[in-house]
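Engineer: So that we are looking at the same thing, I have put the structure below in structure tokens.
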Amino acid sequence: MILQSSIFTDFYKKSVDLNKQILHAWVEHSLFAWRWWLGILLIVISLTLWIRYRNRESADRLQYAGLFVALASSNLDYIGTFFGLWKYDYEIFPVISHYIPFSFFVLPITVMFLLQIRPRTNALLKALTYSIFSVIALPIVDWIGIYDPVKWHYFYSFIIQFFIYLIAHYISVTDKFKKLYST
């Protein structure tokens, strides 16, 4: 038992040291670089478009679906970077090992817009459209130098995004909520 504890203590110390090095590298090479500013711009544009063009009457329902997309995307992103399947350079915030502009803004807001535009359109068609977006966007951010698919193929993202959209669609159309109080 003592040996196991010392192993994890050693891992902890190495992790803290590595995090300090990552923070230093981020401050020296990423913070305020043009790719960093591109991430900030993606956040601002996504939020501005959402605030301006959202369907206010359905905003709560859409945001609930968007929250699912953000949580699913960020958790899958964390898992992928943890196992070295891909990596990001020029993160907005170095403490989080995934690309915040995509996980928390671009992907969820794209889904929310797809849900609110022509809501009677076949969900499979919209899921396909959303998935194609990932196949187009990932090579672009790879080419720009933000994303590096170390051991990942874009087609895997296509499949994952397809199912994320379908689940978000289901969340947006469900009527299983009961009021917390009676009127």
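The values are calculated or read from the model by the stated rules, or taken from the named source; none is laboratory data. Nothing here was measured: the structure is a model prediction, and the numbers come from that model. Here the Cβ is made from the backbone with ideal geometry for all residues, glycine too, and neighbour counts use every protein chain on show. In case anyone asks, the SASA skips ligands and DNA or RNA and just uses the protein heavy atoms, side chains included. Shrake-Rupley method; radii C 1.70, N 1.55, O 1.52, S 1.80 Å.
Engineer: Just give me the residues in the range 67-115 being farther than 21 Å from I45 by Cα, in a helix (DSSP H, G or I), in contact with a Ser or Thr (Cβ under 8 Å, 6 or more places away or on another chain) and open to solvent by 20 Å² or more (accessible area, probe 1.4 Å), in sequence order.
Structural biologist: Scanning the range 67-115 gives Y78, T81, F82.
Engineer: Given (1) part of a helix (DSSP H, G or I); (2) of a type outside the set (A, V, I, L, M, F, W, C); (3) free of Cβ contacts under 8 Å to residues at least 24 places away in the same chain; (4) over 23 Å from Q21 (Cβ atoms), identify the lone condition not met by K178.
Structural biologist: (1)
Engineer: Let me ask something else. Please tell me if I43 is surrounded by 14 or more Cβ atoms within 10 Å (Cβ to Cβ) and β-branched (V, I, T).
Structural biologist: It is true that I43 is surrounded by 14 or more Cβ atoms within 10 Å (Cβ to Cβ) and β-branched (V, I, T).
Engineer: Among (1) open to solvent by less than 90 Å² (accessible area, probe 1.4 Å); (2) modelled with pLDDT of 95 or more, which single condition is I7 missing?
Structural biologist: (2)
Engineer: For the range 152-166, indicate whether the set of residues that are part of a loop (DSSP other than H, G, I, E, B) and either touching a strand residue (DSSP E or B) at 6+ places or on another chain (Cβ under 8 Å) or in contact (Cβ under 8 Å) with a residue 40 or more places away in the chain (or both) is non-empty.
Structural biologist: Initial filter on the range 152-166 (part of a loop (DSSP other than H, G, I, E, B)): 152-153.
Checking which are either touching a strand residue (DSSP E or B) at 6+ places or on another chain (Cβ under 8 Å) or in contact (Cβ under 8 Å) with a residue 40 or more places away in the chain (or both) leaves us with 152.
There is at least one residue in the range 152-166 that is part of a loop (DSSP other than H, G, I, E, B) and either touching a strand residue (DSSP E or B) at 6+ places or on another chain (Cβ under 8 Å) or in contact (Cβ under 8 Å) with a residue 40 or more places away in the chain (or both).
Engineer: Scan the range 50-65 for residues that are surrounded by 14 or more Cβ atoms within 10 Å (Cβ to Cβ) and out of contact with any His (no Cβ under 8 Å at 6 or more places or on another chain) and report the count.
Structural biologist: We begin by selecting, within the range 50-65, every residue surrounded by 14 or more Cβ atoms within 10 Å (Cβ to Cβ); these are 50, 54-55, 58-59, 61-65.
Subsequent filtering for residues that are out of contact with any His (no Cβ under 8 Å at 6 or more places or on another chain) retains 50, 54-55, 58-59, 61-64.
Here the count works out to 9.
Engineer: So which of R52, R35 is modelled with pLDDT of 95 or more, over 19 Å from the mean Cα position of the chain (by Cα) and of a type in the set (D, E, K, R)?
Structural biologist: Numbers: R35 fails: over 19 Å from the mean Cα position of the chain (by Cα).
Of the residues listed, the single one that is modelled with pLDDT of 95 or more, over 19 Å from the mean Cα position of the chain (by Cα) and of a type in the set (D, E, K, R) is R52.
Engineer: Can I96 be described as at pLDDT below 95, of a type in the set (V, I, T) and out of contact with any Asp or Glu (no Cβ under 7 Å at 6 or more places or on another chain)? Before you say what the answer is, go through the steps one by one.
Structural biologist: Numbers: at pLDDT below 95: yes; of a type in the set (V, I, T): yes; out of contact with any Asp or Glu (no Cβ under 7 Å at 6 or more places or on another chain): yes.
Criteria met by I96.
Engineer: Just to be sure before I move on: is S157 at pLDDT below 95, among the hydroxyl-bearing types (S, T, Y) and crowded, with 16+ Cβ neighbours inside 10 Å in the structure I sent?
Structural biologist: Considered against the rule, which asks whether it is at pLDDT below 95, among the hydroxyl-bearing types (S, T, Y) and crowded, with 16+ Cβ neighbours inside 10 Å, S157 comes out as no.
Engineer: So is I132 open to solvent by 20 Å² or more (accessible area, probe 1.4 Å), β-branched (V, I, T), in a helix (DSSP H, G or I) and over 23 Å from S30 (Cα atoms) or not? Before you say what the answer is, go through the steps one by one.
Structural biologist: Numbers: open to solvent by 20 Å² or more (accessible area, probe 1.4 Å): yes; β-branched (V, I, T): yes; in a helix (DSSP H, G or I): yes; over 23 Å from S30 (Cα atoms): yes.
Yes; evaluated as a whole, the condition is true for this residue.
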